[in-house]
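Have a look at the structure below, then the notes.
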Amino acid sequence: MNCPNIIASTRFVLITFTLVCVFANDKYFSKTLPTGRFVEIPLVVVMKFVDSKIAHAHIYLDHALLLAQIGLSDTSSLPARNMQEFMTKSINQNTS
């Protein structure tokens with residue numbers, strides 16, 4: 001997980017951070033049979049706090065990358081086929 005970005009005002013606090021979720025697809029997922037494949041996918045979490053309580057939270061992920069890693073999607077049209085490609089392209093875009 002990276003360092004969170006924090007935006008604070010007198011009415012609310014907004015926190016965003018990214019993390020990588022790693023798991024094995026060994027249970028039913030989205031009405032599909034377990035594939036036993038290893039999954040590594042980046043997530044972005046945005047949370048808003050009001051009066052020290054979570055007002056709402058949003059979790060964003062690349063569903064196409066997830067489906068490709070468990071073998072349910074064709075990877076030929078994806079910009080990244082796995083986490084290593086995703087991170088390499090992200091780093092290259094941020095440094096150029």
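The values are calculated or read from the model by the stated rules, or taken from the named source; none is laboratory data. Treat the numbers as computed from the prediction; the structure is a model and nothing was measured. For neighbour counting, all protein chains shown are included, and Cβ atoms are generated from backbone atoms with ideal geometry for every residue, glycine included.
With the condition kept exactly as written, say whether any residue in region 48-55 is more than 20 Å from F12 (Cβ to Cβ), part of a strand (DSSP E or B) and in contact (Cβ under 8 Å) with a residue 12 or more places away in the chain. Looking for residues that are more than 20 Å from F12 (Cβ to Cβ), part of a strand (DSSP E or B) and in contact (Cβ under 8 Å) with a residue 12 or more places away in the chain, one finds none in region 48-55, hence no. For region 24-47, a tally of residues being in a strand (DSSP E or B) and surrounded by fewer than 16 Cβ atoms within 10 Å (Cβ to Cβ) returns 6.
The conditions of being within 15 Å of the chain's Cα centre (by Cα), surrounded by 13 or more Cβ atoms within 10 Å (Cβ to Cβ), outside any strand (DSSP E or B) and modelled with pLDDT of 80 or more are not met by A80.
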